[in-house]
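I have placed the structure first, in the form of structure tokens, so that the comments after it can refer back to it.
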Amino acid sequence: MMSLSIASPSPSGVTFTSKINLSKSSFHGIQIPKIIQARAVNAPPPCCPSLVVKMAKREEELKEIRTKTTEELQEEIVDLKGELFMLRLQRSARNEFKSSEFLRMRKRIARMLTVKREREVEEGINKRISRKLDRKWKKSIVPRPPPSLKKLREEEAAEEAKESAS
């Protein structure tokens, strides 16, 4: 890094000396430092005002999840995993689907599993026993079609009933 001293004459006879640091870069012009504006302490960053909305939705979703019983959570986890599987099938078949649904479903499943584990910790169940219970629970799951597939089949059956009635 090089420095350059500049002395400027003034009407009062006092000379003013300032030093400018020049860095070794391809830019040879004057570099102006960014001016950082002060903002309120609790104000959200100006770049992402939707962050506050997302956090509120997440808090609301967590409250909704915590109101459910453990059995209801397990049922919904199975349904969401089935939906996730259906999305993977749609992606592999190159059908139209919303790619954002992958992340949304995975995060929802993770939140549910977290709430389930929090409850186990409150009951005093350690990690090893929790894994045994999870294995037992996974073996007891009866495979069933996800809700979206059920709805699709019902719509198809309704269309066939209309066509046969006509």
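Quick check on segment 119-126. Is at least one of its residues open to solvent by less than 50 Å² (accessible area, probe 1.4 Å), in contact (Cβ under 8 Å) with a residue 24 or more places away in the chain and under 28 Å from Glu59 (Cα atoms)?
Yes, segment 119-126 contains a residue that is open to solvent by less than 50 Å² (accessible area, probe 1.4 Å), in contact (Cβ under 8 Å) with a residue 24 or more places away in the chain and under 28 Å from Glu59 (Cα atoms).
Out of all the residues in segment 77-90, is one or more farther than 19 Å from Pro146 by Cα and either open to solvent by less than 40 Å² (accessible area, probe 1.4 Å) or in a helix (DSSP H, G or I) (or both)?
No.
What residue, among those in segment 114-149 that are outside any loop (DSSP other than H, G, I, E, B) and of a type in the set (S, T, N, Q), is farthest from Ile65 (Cα to Cα)?
Across segment 114-149, the extreme among qualifying residues is Ser140.
Could you list, in sequence order, all residues of segment 127-157 that are open to solvent by less than 70 Å² (accessible area, probe 1.4 Å) and closer than 16 Å to Glu72 by Cα?
Those that are open to solvent by less than 70 Å² (accessible area, probe 1.4 Å) and closer than 16 Å to Glu72 by Cα: Asp134, Trp137, Ile141, Pro146, Pro147.
Only residues that are modelled with pLDDT under 90 and acidic (Asp, Glu): list them for segment 91-119, please.
Glu96, Glu101
Would you point out the residue of segment 96-113, among those that are in a helix (DSSP H, G or I) and open to solvent by 100 Å² or more (accessible area, probe 1.4 Å), that is farthest from Glu71 (Cα to Cα)?
Arg104
Exactly one of these conditions fails for Leu62: (1) over 22 Å from Ser140 (Cβ atoms); (2) surrounded by 15 or more Cβ atoms within 10 Å (Cβ to Cβ). Give me its number.
(2)
The values are calculated or read from the model by the stated rules, or taken from the named source; none is laboratory data. This is a predicted model, so every value here is computed, not measured. Heads up, the Cβs are rebuilt from the backbone with ideal geometry, glycines too, and the neighbour counts pull from every protein chain shown. Surface areas here come from the heavy atoms of the whole protein model, side chains and all, with no ligands, DNA or RNA. Shrake-Rupley method; radii C 1.70, N 1.55, O 1.52, S 1.80 Å.
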